Amino acid sequence: GESVGLHLPTLSVQEGDNSIINCAYSNSASDYFIWYKQESGKGPQFIIDIRSNMDKRQGQRVTVLLNKTVKHLSLQIAATQPGDSAVYFCAETGRQGGKLIFGQGTELSVKP
Amino acid sequence: GAGVSQSPSNKVTEKGKDVELRCDPISGHTALYWYRQSLGQGLEFLIYFQGNSAPDKSGLPSDRFSAERTGGSVSTLTIQRTQQEDSAVYLCASSGQRSNQPQHFGDGTRLSIL
């Protein structure tokens, strides 16, 4: 069935380093992808999105890369800060929108 | 505030009781979604409302779960005859009318069934 998964369940980085969080998806019909950040006791917070007609999109300190050939999505965080510590989820949906299919999440821990 | 608002933030109830969870979406958002997040897990889709269209109920786990959206705005998720496995965080999200717009989430209702 459809699934979106993450390669690494936990990631620990030093403050100031760059972080890369990976995600694999299995539905080749997926058209829209989103990264969310979730802090303890809070709902997922939108970080950045990308459509299937793009392979890269940049935001403030974050970059999302999409490789449709291998169905892989990654989130890069530049100069990681302690405030970036959270669980990060990738999610995908089809062309018509609607429900998101979420991966299991990666916990990012930033060491000062 | 301008975000998605959910109430209550926490709910503890006894097995077998009915519960109602409320969601106020972002003003102007026509799409509203309910998800469930079990401890340490990802989010599981439950139900989706878009404008006046029939809701997508494909994620509801049993007929004990139902949801409605009144006046195209506020939504209520109802769980009847609660079971212990219903314990989870129930998250609501909303998005704009155009397809492929990001869903914005509330902070959820943490439901505990004793």
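The values are calculated or read from the model by the stated rules, or taken from the named source; none is laboratory data. Since the structure is predicted, the reported quantities are computational estimates derived from the model, not experimental observations. So basically every Cβ, Gly included, is an ideal-geometry build from the backbone, and we count neighbours across all protein chains shown. Accessible surface areas use protein heavy atoms only, side chains included; no ligands, DNA or RNA. Shrake-Rupley method; radii C 1.70, N 1.55, O 1.52, S 1.80 Å.
Check whether at least one residue in region A:92-100 is away from chain B (no Cβ under 14 Å), part of a strand (DSSP E or B) and crowded, with 17+ Cβ neighbours inside 10 Å, and report yes or no. No, region A:92-100 has no match at all. Quick one: is B:T82 away from chain A (no Cβ under 14 Å), within 21 Å of A:G43 (Cα to Cα) and either assigned to a loop (DSSP other than H, G, I, E, B) or open to solvent by less than 70 Å² (accessible area, probe 1.4 Å) (or both)? So B:T82 fails the test.
A:G41 meets the conditions (1) more than 19 Å from B:N100 (Cβ to Cβ); (2) surrounded by 18 or more Cβ atoms within 10 Å (Cβ to Cβ) in every case but one. The failed one is (2).
Evaluate region B:87-106: report whether one residue or more is more than 12 Å from every other protein chain (Cβ to nearest Cβ) and part of a strand (DSSP E or B). Checked against the condition, which is being more than 12 Å from every other protein chain (Cβ to nearest Cβ) and part of a strand (DSSP E or B), region B:87-106 yields at least one hit. Is there a residue being more than 10 Å from every other protein chain (Cβ to nearest Cβ), assigned to a strand (DSSP E or B), of a type in the set (S, T, Y) and buried (at least 18 other Cβ atoms within 10 Å of the Cβ) anywhere in region A:13-31? Within region A:13-31, one or more residues are more than 10 Å from every other protein chain (Cβ to nearest Cβ), assigned to a strand (DSSP E or B), of a type in the set (S, T, Y) and buried (at least 18 other Cβ atoms within 10 Å of the Cβ). Within region B:68-76, one or more residues are out of contact with any strand residue (DSSP E or B) (no Cβ under 6 Å at 6 or more places or on another chain), surrounded by 15 or more Cβ atoms within 10 Å (Cβ to Cβ) and not hydrophobic (A, V, I, L, M, F, W, C). Residues that are of a type in the set (S, T, N, Q) and modelled with pLDDT under 95 were ranked within region A:69-104; the one that is farthest from A:Q14 (Cα to Cα) is A:Q96. A Cβ distance below 8 Å, combined with a sequence gap of six or more or placement on separate chains, defines the contacts here; from region B:5-23, residues that are within 13 Å of B:T109 (Cα to Cα) and surrounded by 13 or more Cβ atoms within 10 Å (Cβ to Cβ) reach residues that are of a type in the set (F, W, Y) and modelled with pLDDT of 95 or more in the pairs B:Q6/B:Y90; B:L21/B:Y90; B:C23/B:W34.
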